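Worksheet for the structure shown next.
Since every read-out is calculated from the coordinates, none of them should be taken as a lab result. Source: prediction; values computed, not measured. Here the Cβ positions follow ideal geometry from the backbone for every residue, glycine too, while neighbour counts run over all protein chains shown.
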Amino acid sequence: MYDYRQLEALGAVIEEGGFDRAADVLGLTQSAVTQRVKQLETLMGKPLLIRSNPPVPTEAGVPLYTHFKKVRLLEEELDSATAEGLSGMPLSLGVNASTLGSWFLPVLNFIMNNTLVDLHVGEAWVVHKLLKNGDIAGCISLRQRPSRGCYVDYLGKLVLRCFATRDFKDRYFPRGIDAESMRSAPAVLFHPESQMMQRFQKKVLDVHPFEVPTHIIPSQSEYMQMIGSGVAYGFLPEPLFNQFKADKGLIDLSPTAPIIIPQYWHRWGIESKMMDLITLKIKEEAAGKLLQD
């Protein structure tokens, strides 16, 4: 069985980007850190680090590094239970922009009142990959099956609308939105990795996905401003669409065929009071904001 100090040394080298900086953080000599990593590699019978600049874990080193982060989460939780105020390592979570803007903010408020948070905002498949790699402790995902060593809870379905101003519709979609008219109409998306357009084309228009003129605006306020000014069309969760449609004169381009996306909460499969409380809050908010079966 490995010594936790060896695991800590491995984690520090990866996170600090080298043996020297890891030694400074751990209060050890560089040779002591190197020795602990070598002892762990001898115990495991294979290299755990690629000695590049910066060092990165090998395929065999990834599970050990993930385990180290899970253990550290439990340690930080124990420390915070006996300390006043917020301290320690931030809790890393992942969420997509549509979820964050439509129903996740009360959850984020709850988390920030109880612990520090490092929130990763990106496409659902991107943040799920971060979870799978052990970079974050939990995420909102579209995947039904849990990754190895994780728990999953079904939350409900997020309804998204394709929308624009009436002037934009009259200019680009006078006969309604279809594959032909989409080839010349400029769209706007939050991220270059977004799969929203492909989902809309495949599920709503029943066509094979194709390229369309697309702006990338990663900020929700500017995203809404561009669509409200009539220079592009885009996608919004139904709660936000209902909130902004009257003020900005927005219309649903496909009112009878919204995009329906199931949402799941994935988290590390470790015993953690904080993660249990966060899970309860997430399920509570989802029950009132998402479409339930």
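Provide the FRET efficiency to the nearest 0.05 for the R175-F210 pair, computing r from the beta carbons and using R0 = 22 Å. Please report the intermediate quantities before stating the final value.
Values: r = 19 Å, r/R0 = 0.85.
Plugging the Cβ-Cβ distance into 1/(1 + (r/R0)^6) gives 0.70.
Using helices alone, I'd like the mean residue ellipticity at 222 nm for the chain: each DSSP H run of four-plus residues gives -39500 (n - 2.57), total over residue count, nearest 500. Dividing the helical sum by the residues of the chain leaves -13000 deg cm²/dmol. Among H67, H208, H266, the largest mean-square fluctuation in a Gaussian network model of the chain (Cα springs under 10 Å) belongs to H208. With the convex hull of the Cα atoms taken as the outline of region 158-260, the averaged projected area works out to 5.8 nm². Of the trypsin sites (Lys or Arg not before Pro) in region 1-70, the ones in a loop by DSSP (not H, G, I, E or B) with at most 16 other beta carbons within 10 Å are R51. Here region 230-258 is scanned for amide nitrogen atoms under 16 Å from the site 7 Å beyond the Cα of D167 along Cα-to-Cβ, giving 230-233, 247-251. Full extension of the chain between D293 and K46 gives 84.1 nm of extra length, using 0.36 nm per residue less the Cα-Cα distance.
On the principal axes of its alpha-carbon atoms, the chain has extents of 71, 39, 31 Å, going from largest to smallest. Taking only the alpha carbons of region 96-207, we obtain Rg and Dmax values of 17.5, 52 Å in that order.
Count neighbours as other Cβ atoms within 10 Å of each site's Cβ, and list the trypsin sites (Lys or Arg not before Pro) in region 88-197 that are DSSP loop with at most 11 such neighbours.
Working: sites: K129, K132, R143, R148, K157, R161, R166, K169, R171, R175, R183; in loops: R143, R148, R175, R183.
Passing sites in region 88-197 are R148, R175, R183.
So what is the diffusion coefficient of region 4-80 in µm² per second by Stokes-Einstein at 20 °C and 1.002 mPa s, using a Kirkwood Rh over Cα pairs?
Details: Rh = 12.4 Å.
The diffusion coefficient I find is 173 µm²/s.
The E271 and K157 beta-carbon pair, evaluated with R₀ = 35 Å, returns a calculated FRET efficiency of approximately 0.75. Between the residues I217, N114, A32, the greatest Cα displacement towards the positive end of the dipole of the chain, with unit charges on the Cβ of Lys, Arg, Asp and Glu, is found for I217.
Taking the chain as a Gaussian network, Cα atoms linked when under 10 Å apart, which of S194, S147, S219 shows the biggest mean-square fluctuation? Largest GNM mean-square fluctuation: S219. Projected label points at N53 and E222, each 7 Å from Cα along the beta carbon direction, are separated by 3.5 nanometres.
Which GluC sites (Glu not before Pro) in region 237-293 pass both tests, a DSSP loop state and at most 16 other beta-carbon atoms within 10 Å?
E271
Springs between Cα atoms under 10 Å define the GNM used for the chain, and in it the highest mean-square fluctuation of D20, D252, D167 occurs at D20.
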